[in-house]
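Contents: one structure, followed by commentary.
The values are calculated or read from the model by the stated rules, or taken from the named source; none is laboratory data. Just so you know, these numbers come straight off a predicted model, no measurement behind them. In this analysis, Cβ positions are derived from the backbone assuming ideal geometry, glycine residues included, and neighbour counts consider all displayed protein chains. Surface accessibility is based on the protein's heavy atoms, side chains included, excluding ligands, DNA and RNA. Shrake-Rupley method; radii C 1.70, N 1.55, O 1.52, S 1.80 Å.
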Amino acid sequence: MRIGVLTGGGDCPGLNAVIRAVVRKGVATYGHEFVGFRDGWRGPLEGLTKPLGIAEVRGILPRGGTILGSSRTNPFKIEGGVEQIKSNLAEQGVDALVAIGGEDTLGVATKLHELGVQVVGVPKTIDNDLGATDYTFGFDTAVNIAMEAIDRLHTTAESHHRTLVVEVMGRHAGWIALHAGLAGGANVILLPERPFDVDQVAGYVEKRFQHQYAPIVVVAEGAQPLEGQMVLQNQELDSFGHVRLGGIGQWLAEQLEAKTGKEARTVVLGHIQRGGTPTAFDRVLATRLGLQAIDAVNEGDWGKMVAMQGTNIVRVPLVEATKELKTVPLERYTEAEVFFGS
Ligand code: F6P
């Protein structure tokens, strides 16, 4: 078979590990051929390819980002997009696709599968918000980066008797905030799943100062105050209809400074959480998903997504992955609340 591989949506550490595993096993065990499509769905849409063989995947295991490039292109928003993809695949002699992506990329893969394209999906996102898989690679790396930042912020916050508000990514799911906050010993963690009361947060901050320690508040970019409007930097929508989140950290720091009378500063971790080398956990997970994906392709098990359930790598219908967002259950949040303000 000649198999096309693409990576779509926001990049994350571990994408190259998947590409490497797919190509290495595909060539060595099954004798398949590969072609890389550049920049997510833009690749098959515009016929943008890149050679992809054993030589191209050597040395990429620890590398962040994606050697194939990525974009948030939605072919269903482009007139004639699906026909264009089908004709480019035929022109390139491509029999099947491995699509590595999150909610949006896999949503496109699901619809293309329904329209007859032979595709297998691999889940990725630092947000860890895809259904049907317990973890996505990229998440562990992002959490570790955020944890290290929080560790460093504790010492400087204490020296200056300041509140430090750390804004982390995660879109509409609070997984990064919850895990980084717990691992880094944050004094308050705020998630999109649970609107917060700013006076209560100010109370936690004051309590922490009373213990002669400086408070660290971890806030997810999608968190919202009670009955308030979400604080957005930008109202523009991308081609999948997502708003760009960000700005809640700055707003919250201003509120806390005004309410407590203590200086409060904001650190927005942003794309630092998506860059650089993957952790061992993410490299292993990405590799195992890649190996399972090429097995699925080889067996012609189309319309499936490979997933981690417990410690096993399994296959689930693609449609399961994107049916609903996997958000933080309330009981996981209340577990963390015991540390707030202390
Ligand atoms: O989905 C991954 C993610 O990093 C989100 O956490 C964040 O909201 C978004 O992508 C940022 O997207 P972009 O890189 O397009 O600004």
(request) Could you do me a favour and compute the accessible area per residue for the chain, 1.4 Å probe, result in Å²? (result) 41
(message) Considering only protein heavy atoms and a probe of 1.4 Å, how much of the accessible area of the chain is carbon and sulfur, as a whole percent?
(response) 48
(message) If every alpha-carbon in the range 161-217 counts as one equal scatterer, what log10 I(q)/I(0) does Debye give at q = 0.12, 0.21, 0.25 1/Å?
(response) -0.27, -0.80, -1.05
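What does the extension gain come out to for LEU115 and GLU337, with contour length at 0.36 nm per residue minus their alpha carbon separation? If you can, show how the numbers build up before the last one.
Details: separation 222, 0.36 × 222 = 79.92 nm, distance 4.68 nm.
Separation in residues times 0.36 nm, less the Cα-Cα distance, equals 75.2 nm.
Tell me, Kirkwood radius of the range 237-342 from alpha-carbon pair distances, in Å?
Numbers: mean 1/r = 0.0540 Å⁻¹.
Taking the inverse mean of 1/r over all distinct Cα pairs, the range 237-342 comes out at 18.5 Å.
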(request) In whole Å, largest first, what are the principal axis extents of the Cα atoms in the range 155-312? (result) 64, 34, 25
(request) Report, for the range 138-295, the % of DSSP beta bridges that are antiparallel, rounded to 5. (result) 20
(message) With the crude spin-label approximation of a point 7 Å out along Cα→Cβ, what separation in nm comes out for THR155 versus ASP197?
(response) 3.7
(request) Let me know the Kirkwood hydrodynamic radius for the range 121-201, please, with Cα pairs as the basis and the value in Å to one decimal. (result) 13.6
(request) Please give the calculated 222 nm ellipticity per residue for the chain, where each DSSP H segment of at least 4 residues contributes -39500 (n - 2.57) and the sum is spread over every residue; nearest 500 deg cm²/dmol? (result) -12500 deg cm²/dmol
(request) Hey, can you grab everything whose amide H is under 5 Å from the amide H of VAL168? Only 5+ residues off in sequence or another chain; H modelled, so Pro and N-termini drop out. (result) VAL219, ALA220, GLU221
(request) Using Cα positions and a limit of under 20 Å, work out the aspartates and glutamates in reach of LYS304, with same-chain residues fewer than 8 apart set aside. (result) ASP95, GLU103, ASP104, GLU114, ASP129, ASP134, ASP295, GLU320, GLU324
(request) Compute, for VAL143, the solvent-accessible surface of its heavy atoms (probe 1.4 Å) with the complete set of protein chains present, and express it in square angstrom to the nearest 10. (result) 20
(request) May I ask which of LYS25/LYS77; LYS50/LYS326; LYS25/LYS326; LYS50/LYS323; LYS124/LYS326 have a Cα-Cα span longer than 24 Å here? (result) LYS25/LYS77; LYS50/LYS326; LYS25/LYS326; LYS50/LYS323
(request) Starting from the amide H of ASP134, placed 1.01 Å from N in the peptide plane, find each other amide H under 5 Å away whose residue is 5 or more places distant or on another chain. (result) MET308, GLN309, GLY310
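Restricting to the chain, compute how many DSSP beta bridges are antiparallel as a %, nearest 5. Let's see the in-between values first.
Working: 12 of 43 bridges.
Just about 30 percent of them are antiparallel.
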(request) Provide ASP151, ASP104, ASP282 ordered by accessible surface of protein heavy atoms (probe 1.4 Å), highest first. (result) ASP151, ASP104, ASP282
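Take the eigenvalues of the Cα gyration tensor for the range 67-114, scale each by 5, and report the square roots as semi-axes in whole Å, largest first. Walk me through the numbers before you get to the answer.
Working: eigenvalues 55, 40, 26 Å².
Equivalent ellipsoid semi-axes, largest first: 17, 14, 11 Å.
Go through LYS86, LYS323, LYS50 and list them by solvent-accessible area, largest first, probe radius 1.4 Å. Working shown, then result.
Numbers: LYS86 90, LYS323 135, LYS50 55 Å².
Sorted by accessible area, descending: LYS323, LYS86, LYS50.
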(message) Once you order the gyration tensor axes a ≥ b ≥ c over the Cα atoms, which shape class does the range 1-46 get: rounded for a/c under 1.5, otherwise prolate or oblate by comparing a/b with b/c?
(response) oblate
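Dividing the Cα convex hull volume of the range 20-175 by residue count, how many Å³ per residue is that? Please list the in-between numbers first.
Numbers: hull volume 23.0 nm³, N = 156.
Convex hull of Cα atoms, per residue: 147 Å³.
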(request) Starting from the amide H of LYS326, placed 1.01 Å from N in the peptide plane, find each other amide H under 5 Å away whose residue is 5 or more places distant or on another chain. (result) LEU130, GLY131
(request) Calculate I(q)/I(0) for the range 70-152 by the Debye formula, one identical point scatterer on each C-alpha and no solvent, and give its log10 at q = 0.14, 0.16 Å⁻¹ to two decimals. (result) -0.58, -0.70
(request) Can you give me the P(r) profile for the chain? Cα pairs, bins 20 angstrom wide beginning at 0, each as a whole percent. (result) 32, 50, 18, 1
(request) Lys and Arg at +1, Asp and Glu at -1: add these up for the other residues within a Cβ distance under 15 Å of THR49 and post the number. (result) -2
(request) Rounded to whole Å and sorted largest first, list the principal axis extents of the Cα atoms in the range 184-276. (result) 48, 36, 22
(request) Provide the three semi-axes, in whole Å and in decreasing order, of the ellipsoid equivalent to the range 84-219 as defined by the square roots of 5 times the Cα gyration tensor eigenvalues. (result) 44, 14, 10
